[in-house]
Amino acid sequence: MRSALHLLGSLTTWPSRHTVALMPRASTTCKSRRCVDEDVFRRQAQVLKALANESRLKIVDRLSRGECSVGTLTELIGSDPSTVSKHLAVLRSHGIVRDRREGNVVYYTLMTPCVMTFFSCATQLLRERK
């Protein structure tokens with residue numbers, strides 16, 4: 001089974017003003033193929049930190065089933081709209097979700113469905129720990 005870090009390293013991003021490059025860049029200080037660019041681990045940690053919140057996990061889970069309005073996400077989370085907007089801003093800044101505006105309504109879409117593979121891995125880990 002692939003490690004969680006490998007899965008996060010394989011996250012792809014689409015061109016957007018909010019995306020973060022997650023693919024490793026060539027390391028110039030390492031001569032071994034086994035050496036991993038330290039920047040990759042830092043960026044992977046940033047993505048994990050963005051996901052390390054129960055409300056954001058609920059948002060990502062809901063968006064895995066399709067586009068959703070901020071109002072619906074607010075009801076799902078049970079928080080005030082400003083708190084949900086802050087959670088969405090964190091996810092957007094890491095390229096995990098994107099938004100689109102239709103009149104006064106803002107809709108969000110999951111940009112990196114591969115993150116659900118990580119969710120499955122985490123769920124399997126929890127089952128195995130019982």
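The values are calculated or read from the model by the stated rules, or taken from the named source; none is laboratory data. Worth saying up front: this structure is predicted, and the values here are computed from it rather than measured. For neighbour counting, all protein chains shown are included, and Cβ atoms are generated from backbone atoms with ideal geometry for every residue, glycine included.
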Output the residues belonging to segment 39-80 that are farther than 15 Å from Y107 by Cα and either surrounded by fewer than 12 Cβ atoms within 10 Å (Cβ to Cβ) or free of Cβ contacts under 8 Å to residues at least 24 places away in the same chain (or both). D39, R42, R43, A45, K49, A52, E54, K58, I77, G78, D80
Is there a residue being out of contact with any strand residue (DSSP E or B) (no Cβ under 9 Å at 6 or more places or on another chain), within 28 Å of E128 (Cβ to Cβ), part of a helix (DSSP H, G or I) and modelled with pLDDT of 60 or more anywhere in segment 81-95? no
Has segment 51-70 got at least one residue that is modelled with pLDDT of 95 or more, among the aliphatic types (A, V, I, L, M) and in contact with a Lys or Arg (Cβ under 8 Å, 6 or more places away or on another chain)? no
Could you tell me which residue of segment 89-128 is surrounded by the most Cβ atoms within 10 Å (Cβ to Cβ), considering only residues that are out of contact with any helix residue (DSSP H, G or I) (no Cβ under 8 Å at 6 or more places or on another chain), more than 17 Å from R62 (Cα to Cα) and polar (S, T, N, Q)? Q124
